[in-house]
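A short write-up of the structure that comes next.
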Amino acid sequence: MKIAFVGKGGSGKTTLSSLFIRHLAANEAPVVAVDADINQHLGAALGLSEAEAAELPAMGAHLPLIKEYLRGTNPRIVSADTMIKTTPPGEGSRLLRVREDNPVYGACARPVRLDDGEVRLMATGPFTESDLGVACYHSKVGAVELCLNHLVDGADEYVVVDMTAGSDSFASGLFTRFDMTFLVAEPTRKGVSVYRQYKEYARDFGVALKVVGNKVQGPDDLDFLREEVGEDLLVTVGHSDWVRAMEKGRPSRFELLEAENRMSLQALQDAADDSYAQRDWERYTRQMVHFHLRNAESWGNAKTGADLAAQVDPGFVLGEPLAV
C-alpha cells in the first residue's frame, strides 16, 4: 500500500508519519519510508541523530542510476537521459518491489532500526543554497515520483511518504500515486484550508483522502473539525507525553505510547488496508500517462530533445501480476 501524509507546515504530519511507520514496524509489516518534504525531518523523527540524518543519501543525487536501472531493456526509451520524472514503465522496464534488494535501494535507502523492527528510509535530499536560481525543489521530488511510477506493492506491504507541505504536492502528478492520503489538520481555520485545497484538486483524480485531526484538546476542537471536514475526518490525535519526549530526543519504548493514540494509528492502518479493495491499476497507469504527456508537451520534449510521447507503451498496465 502506498500512503502519503500531507498538511500545512507545522501541522504535525512528519510526527504522525513517523508514528505510523513505527506502528507498522511494530506490526511486523515491511515498510519503505520516504522523506519527500523540503525540510527533511523524517529521519530525526524516526530516531536518527542529526549526523546520521545528514548522511542519508539524496535520491536526487542518484537520479542517473535510478533512471538507468528502471529503464531496463524498454525499447521505447532510447537512453536514460531522455527519462523525466513522469516517464512511465513499459515492456522491458525494471520494476521496484518493497521486499527486494536492488541497486536503487542500495544507493538511496538506509535501514533504520526501531524498537520493534526495521524499515528502509529514503530521502529526496535537502534544498540547499546551491540550488537557488538553478533548480526548483520539485525537480528533487521527481526521483520519488519516478520510483513510485515503477513500484509494484502488495496488500501487506507499505510505502509511507512524508510529502512536502501545503498545496505544493500538486506541482506534479505525485499526489495521484497513493492508495490512501492522510491529511493532517489542526482545529484552526488555517489548519483546514489545505484540506479544502486538497479536496478540490484531488476530486477529479479519485484520490482517497482522510483527515487526521491533530493537536485536538477538547470537544470544541473536535466539533470544529467535524463541521469543517465532515465524514472525511477519520481520527483525532491529542496531547502525547511520548511524542513530547521523542521531540526532545528521549523517547521511551514505542509500546508505551498512549493507548488512545495507538488506537488512532491502528485506525489509520485499517483505513489504508481497506483502500486496497479499491485499487484500479488501469486508472493508475492512465493517470501516469496523462501527467507524462502533459509534462512532455509543456517542457520535457524541449529539455530532452526527444519526443517523450513515444515512451508510452499503449499495451502496458502496471499491476501485481507483474511482480512475479
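The values are calculated or read from the model by the stated rules, or taken from the named source; none is laboratory data. Computed from a prediction, not measured in an experiment: that's the story for all the values here. Using ideal geometry, Cβ is built from the backbone for each residue, glycine included, and neighbour counts are taken over all protein chains shown. Please note that ligands, DNA and RNA were not included when accessible areas were found on the heavy atoms of the full protein model with its side chains. Shrake-Rupley method; radii C 1.70, N 1.55, O 1.52, S 1.80 Å.
Kindly evaluate Ala58 against the criterion of being within 17 Å of the chain's Cα centre (by Cα), of a type in the set (A, V, I, L, M) and modelled with pLDDT of 95 or more. Full working, then the answer.
Working: within 17 Å of the chain's Cα centre (by Cα): yes; of a type in the set (A, V, I, L, M): yes; modelled with pLDDT of 95 or more: no.
Spelling it out, it is not the case that Ala58 is within 17 Å of the chain's Cα centre (by Cα), of a type in the set (A, V, I, L, M) and modelled with pLDDT of 95 or more.
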Quiz prompt | Leading residue by the ranking (surrounded by the fewest Cβ atoms within 10 Å (Cβ to Cβ)) among those in region 224-249 that are in contact (Cβ under 8 Å) with a residue 60 or more places away in the chain and either in a helix (DSSP H, G or I) or of a type in the set (Asp, Glu) (or both) | solution = Glu247
Exercise. Quick one: which helices (runs of 4 or more DSSP H) lie wholly within region 1-97 and hold at least 2 residues that are small (Gly, Ala, Ser) and buried (at least 19 other Cβ atoms within 10 Å of the Cβ)?
Key: 13-26, 42-45
Quiz prompt | Filter result (touching a residue at least 12 places away in the same chain (Cβ under 8 Å) and part of a loop (DSSP other than H, G, I, E, B)) within region 98-112 | solution = Val98, Arg99, Asn102
Practice problem: Might you let me know whether region 230-237 holds any residue that is modelled with pLDDT of 95 or more and in contact with an Asp or Glu (Cβ under 6 Å, 6 or more places away or on another chain)? | Solution: no
Self-check item: One residue from Asp221, Asp204, Asp156 being closer than 29 Å to Asp280 by Cα and part of a helix (DSSP H, G or I)
Solution: Asp204
Quiz item: How many residues are part of a helix (DSSP H, G or I) and either within 19 Å of Ser17 (Cα to Cα) or of a type in the set (Val, Ile, Thr) (or both) when one looks only at region 251-300?
Solution: 22
Quiz item: Just for region 6-46: of the residues that are out of contact with any Phe, Trp or Tyr (no Cβ under 8 Å at 6 or more places or on another chain) and among the polar types (S, T, N, Q), which one is modelled with the lowest pLDDT?
Solution: Asn39
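Applying the selection to region 199-209, what residues are touching a helix residue (DSSP H, G or I) at 6+ places or on another chain (Cβ under 7 Å) and either free of Cβ contacts under 8 Å to residues at least 24 places away in the same chain or open to solvent by less than 60 Å² (accessible area, probe 1.4 Å) (or both)?
Going residue by residue through region 199-209, those that are touching a helix residue (DSSP H, G or I) at 6+ places or on another chain (Cβ under 7 Å) are 201-202, 205-209.
Listed by number, the residues that qualify are Ala202, Phe205, Gly206, Val207, Ala208, Leu209.
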